[in-house]
Amino acid sequence: TQQGNNYLKKYVTIFEQLGQFIGSEISRKKLENDLNHLYQSIPDIVCVADFQGRFLKMNPCGCHLLGYSEEEILYHSFDEFVFPADKEISAQEVSKLGKGQTVFSFENRYVQKNGELCWLSWTCNANMQEGIIYATARNITAEKKLLELNNVTSKMARIGSWEVDLQNNNIIWTE
């Protein structure tokens, strides 16, 4: 028995290291699982792209919002989906990311598979070492339509506002 104990003592360190490794792997797997659940359930677009503008990954909600399957989106340039008048805005933002800047917010329109336009508000961050762009986009189409409707209604009703700047003796009128 004493000989058996001495024999096992040689392996205690190995078993302790193995226990730490297994524990860290379980923690890593749990974190990966949690992040995957978030990725699958977030109602906004969550995607990964490269500096050439190709989508490398997109969550199911993003695919659903744009109306394309994952296969139709992955490894295609975002430029293929951006409304032509907004392509320059998108290219400028990606070039900022390529220079190491973080873009907090910009808006552009995407053409959905059914041909309709969808306004998106993007938040992006780049990992320069990996050449990867992490981005989220929120669908703001309803807000844009409501704002446009409000502007049209105000013009039709000839409703506006004014402001008097007493310090500079100025009067400001809206359209």
Task: Size of charge dipole - the chain - debye, nearest 20, with Cβ of Lys, Arg +1 and Asp, Glu -1, no other charges - done: 560
TODO: Have a look at Ser161, Asn33, Asn127 and report the one farthest towards the positive end of the charge dipole of the chain, computed about the Cα centre with Cβ charges (Lys/Arg +1, Asp/Glu -1).
DONE: Asn33
Open item on the list: As an exercise, use a Förster radius of 41 Å and the Cβ-Cβ distance of Glu70 and Phe15 to find the FRET efficiency, rounded to the nearest 0.05.
Closed with: 0.40
TODO: Enter the accessible area per residue of the chain (Å², integer; probe 1.4 Å; all protein chains in place).
DONE: 72
Task: Pairs of lysines in the chain (C-alpha under 24 Å apart; 8 or more residues apart or interchain) - done: 15
Task: Nearest-0.05 FRET efficiency for Ile89 and Lys155, computed from C-beta distance (R0 35 Å) - done: 0.85
TODO: Could you give the C-alpha radius of gyration of region 27-128 expressed as a fraction of 2.2 N^0.38 Å, taking N as the number of residues it contains?
DONE: 1.10
Open item on the list: Can you list residues from other chains, or at least 5 along the same chain, whose modelled amide H is less than 5 Å from the amide H of His76?
Closed with: Phe55
TODO: Could you work out the mean projected area of the convex hull around the alpha carbons of the chain, in square nanometres to one decimal?
DONE: 19.7
Task: Förster radius 25 Å - calculated FRET efficiency between Glu32 and Ile140 (Cβ-Cβ, nearest 0.05) - done: 0.20
Task: Computed [θ] at 222 nm, helices only, for the chain once each DSSP H run of length n ≥ 4 contributes -39500 (n - 2.57) - done: -15000 deg cm²/dmol
Open item on the list: Kirkwood hydrodynamic radius, computed over distinct alpha-carbon pairs, for region 90-147: how many Å, to one decimal?
Closed with: 12.4
Task: Accessible area of the chain belonging to carbon and sulfur atoms, whole % at 1.4 Å probe - done: 56
Task: Relative contact order [Cα under 8 Å, 6+ residues apart], region 27-175, whole percent - done: 18
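The values are calculated or read from the model by the stated rules, or taken from the named source; none is laboratory data. Note that the structure is a prediction, hence the values are computed from the model and not measured. In this analysis, Cβ positions are derived from the backbone assuming ideal geometry, glycine residues included, and neighbour counts consider all displayed protein chains. To get the accessible areas, we keep the full protein, side chains included, count just its heavy atoms, and leave off ligands, DNA and RNA. Shrake-Rupley method; radii C 1.70, N 1.55, O 1.52, S 1.80 Å.
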